[in-house]
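Below is one structure. I have some questions about it.
The values are calculated or read from the model by the stated rules, or taken from the named source; none is laboratory data. Quick caveat, the model's predicted, so the values are computed rather than measured. Here Cβ is always computed from backbone atoms with ideal geometry, including for glycine, and neighbour counts include all displayed protein chains.
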Amino acid sequence: MAISDQERLARLVVSPENARVKRLRRASRSSSFRVDENLVILEGRKVLFDIVAGDVELECVFIDETALDSELSQLARSCEQRGIWVGVVDSKLVNEVSELKTPSGVLGLAKRPSGDFEEILACQVVLALDGVQDPGNVGTLIRSARSVGGVGVICGLGTADPFSPKSLRASAGTVMSTKVCSVSDLSSALQSARDDGGFELVGLDAGAPSSLWDQHFSDKVVLLVGSEGRGIAQEQRTILDRMVSIPIDAGVESLNVAISGSIALFELQRQRYRVL
């Protein structure tokens, strides 16, 4: 005899002492634990639905007992069909872990996708982040890269963790389906992209005399953006093929790195489609 959603979900209620609940709490409190365990905390209904339907290794899902509705019941069914553990938990846990002012009622723990530099070089366009420290900017840039399509992302030292809760939220979850890797030596990675991958190295800098709008780029481009404060480090500047800027009104000092990087990515896309 078939059981109702209410009866089925009642069987999924778990104790605060549950091992997976403790794992979620620890992951929310310790970034080093998340890195050591290759964990990502996911939040939001759309993000979780997209993840469940995709190829990401999702460990478990936690649903706030006070937020249960037909949509979350459907999510629970989808998880169970894929063999993903689901637990119905007290709202205190969700509020404790959530970084949203109004929690969505569902959290997940997933394995951090493994980034591979060789996979990045298979892309036509690569976005390289040189010390972009704000996780919101990192997430926004990754979201733009994913929106353009076919763009890989390289994160150099000093760049915020692209899989931190704030970065992930700013990316609207797209970091989980974007090719992203972190490197300890960005200069060597850039040189390898040029020497082994045939990429042109282009830096985006507010002070560059050459306008983005006047350029014609190669088929394969690494677009390098620098940190919010110092911009592109001198070590990287010396190996770039060219530097370009986005013209802005004289009354404005500069654009936010996420905005300027996104504009440049879509200009690269425009040129690619024009050629096609």
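Exactly one condition in (1) crowded, with 18+ Cβ neighbours inside 10 Å; (2) over 22 Å from VAL47 (Cβ atoms) is false for SER188; which is it?
The number of the failed condition is (1).
Restricting attention to segment 254-275, which residues are basic (Lys, Arg) and either surrounded by 15 or more Cβ atoms within 10 Å (Cβ to Cβ) or in contact with a Gly (Cβ under 8 Å, 6 or more places away or on another chain) (or both)?
To start, the set of residues in segment 254-275 that are basic (Lys, Arg) comprises 270, 272, 274.
The answer is ARG272, and nothing else.
If you don't mind, there's one more thing I want to ask. Filter segment 54-76 down to the residues that are touching a helix residue (DSSP H, G or I) at 6+ places or on another chain (Cβ under 8 Å), in a helix (DSSP H, G or I) and either surrounded by 12 or more Cβ atoms within 10 Å (Cβ to Cβ) or modelled with pLDDT of 90 or more (or both) and list them by number.
Of everything in segment 54-76, those that are touching a helix residue (DSSP H, G or I) at 6+ places or on another chain (Cβ under 8 Å), in a helix (DSSP H, G or I) and either surrounded by 12 or more Cβ atoms within 10 Å (Cβ to Cβ) or modelled with pLDDT of 90 or more (or both) turn out to be GLU71, LEU72, SER73, LEU75, ALA76.
OK, next. Which residues, taken from segment 81-99, are part of a loop (DSSP other than H, G, I, E, B) and either in contact (Cβ under 8 Å) with a residue 60 or more places away in the chain or under 15 Å from LEU68 (Cα atoms) (or both)?
ASP90, GLU99
Out of curiosity, is GLY198 at pLDDT 95 or above, surrounded by fewer than 15 Cβ atoms within 10 Å (Cβ to Cβ) and assigned to a loop (DSSP other than H, G, I, E, B)?
Numbers: at pLDDT 95 or above: yes; surrounded by fewer than 15 Cβ atoms within 10 Å (Cβ to Cβ): yes; assigned to a loop (DSSP other than H, G, I, E, B): yes.
So GLY198 passes the test.
Could you tell me which residue of segment 201-226 is surrounded by the fewest Cβ atoms within 10 Å (Cβ to Cβ), considering only residues that are part of a loop (DSSP other than H, G, I, E, B) and in contact (Cβ under 8 Å) with a residue 60 or more places away in the chain?
Here the residue is ASP219.
Please specify each residue of segment 144-162 satisfying the condition of being outside any loop (DSSP other than H, G, I, E, B) and surrounded by 20 or more Cβ atoms within 10 Å (Cβ to Cβ).
Residues satisfying the conditions are SER144, ALA145, ARG146, VAL151, GLY152, VAL153, ILE154, CYS155.
Kindly indicate whether THR140 is surrounded by fewer than 23 Cβ atoms within 10 Å (Cβ to Cβ), in the same structural domain as PRO247 (by TED's automatic domain parsing), touching a residue at least 12 places away in the same chain (Cβ under 8 Å) and not in a strand (DSSP E or B).
yes
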